[in-house]
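Down below is the structure, laid out as structure tokens.
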Amino acid sequence: MAQPPICSLPLELLEEIADVVDPNTQLALCLVSKLFHSLTLASLYRVIYLDTPSSVVACCRTLAQNKKAAMAVRNFSIYYTPFAPPGIHYFTSFYSNVRAALMQLPHLQELKLMVFDPTYIQVLNHAFFPSLRHFECQLALTDSLILFLNRHPMIIYLQIAPNEALRPLSIGSILPQVVLPKLQYFIGNSECVSALVPDASLRAAFIFWEANDGTPQDAIRSLERSSGDTINLVSCRRRGWNLDLLDLISIWLPNIYVLIITNLLVVDSRPSEAYLTTVRGLLSRFSMLRHLHLYCVDTWKMSNLSCNLDEDFATVMEWGAACPSLVECILPHSNNMKWIRLHDLWIPDPTNPQGAEWTLKMLYSNTHPRWNQLLVDITNHLRKKSGYTQRFEDIFIALRCLTLNDDEDGIVVDNTENVVQQEEDRRLTDV
């Protein structure tokens, strides 16, 4: 019997076809022939995402019994909410089933066990994945987890639980050293930093201080000693306003590009003038900082503080002068409003409705410094966005007609406000 014409195509092309079709089509192709079964099996099992305990059981049984399917797995992720209360766990056979499946994945490159269940450490006992580069879990750093990590020195990306280990081995005990010389990205608790980074050259670190509100000096100094020349991004989440943390980072990591600090506040309030002044002084120590994001989280959600764009504008102007390399800034209690530097000007994100409205009011009143140049920069910025339309272009043309001074030839232009009012009415109608 002659083979169908599609079978004469190169094997590589058939693999591409099997990769791009939807899962239902892949399942149908599995029944066509042994060739298509082999091709689609690899596509179906290359990336596995399990979000319920029942799907974990079913899939792990298949992987434990089907060697070809297990050989195809590259990314394996488990996400689900465990039974409550936390003290109740699944049967031992559940974890044994997961462990049996993992032991059959020789080509695994990315493993995510994002379940708040400390019993999952059992599935990692004696597990070894030669190609593992990316590992995420919600497990605290314990001796068992360290043994697993040290068996995988090629890990580049590591995420562990944000909280401290609840049951330390002994009072004053020190965690064993973790040897991950290829590590570039770390997310986890502050107490783990000194154990993780001595042999690494991190590019980004996301650090949490949860129950432990002690001094952040050890963690920041550890980053400086191991990754002072390579780290570009530092993100910290800690209680209080964290001026001490910002002070340490400005001293030991002055060459970072991105700094994100999330302040967890029990009693929420707007930043004081002393806080803003102190931050301005500390920013002068950074030589290459481009993005500064400062957030506030109201722990009890009792406050409803709104941002004041006029005050925020004055603040970013001062901070930008103190740190000339800064091009983007988010201030505390600004509703995540992003301020953008355009040359020597600062404007709120023009794609944000509140920011665009404030900027337009400043332009109408002709009170924004160098507002002619600002219009040009905003237009160029928005033209790069997918939502830019001719209506935006018409508005900016009308706004340019408002200028009273032509910087190039000194000609005075006297226009009525009717044009702008018409464009504003059209904008409001569209909204």
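Quick note: the coordinates plus some simple rules give every number you see, no bench work behind them. Just so we're clear, the structure is a prediction, and the values are computed from it rather than from any experiment. Virtual Cβ from ideal backbone geometry, glycine too; neighbours counted across all protein chains shown.
Taking a Cβ cut-off of under 12 Å around residue 338, the surrounding Lys, Arg, Asp and Glu residues balance to a net charge of -2, with basic ones at +1 and acidic ones at -1. Between segment 273-343 and segment 239-263, what's the alpha-carbon centroid distance in Å? Each part's Cα centre sits 13 Å from the other's.
Take every pair of alpha-carbon atoms less than 8 Å apart whose residues are at least six positions apart; their mean separation over the length of segment 21-128 yields a relative contact order of 26 percent. With the highest mean first, a sort of the peptides 33-46, 324-337 on other beta-carbon atoms found within 10 angstrom per residue produces 324-337, 33-46.
Rounded, prolate or oblate: which fits segment 275-366, taking a ≥ b ≥ c as square roots of the Cα gyration tensor eigenvalues, rounded meaning a/c under 1.5, else prolate when a/b beats b/c? Oblate is the answer for segment 275-366, as a/c is 1.5 or above yet b/c matches or exceeds a/b. Positive-end ranking of 114, 43, 69 along the dipole of segment 14-123, with charges on Cβ about the Cα centre, is headed by 69.
Between the beta carbons of residue 314 and residue 210, assuming R0 = 51 Å, the FRET efficiency works out to 0.90 to the nearest 0.05. Applying a threshold of 25 Å to the alpha-carbon distances of 338/361; 67/112; 301/338 flags no pair as lying beyond it.
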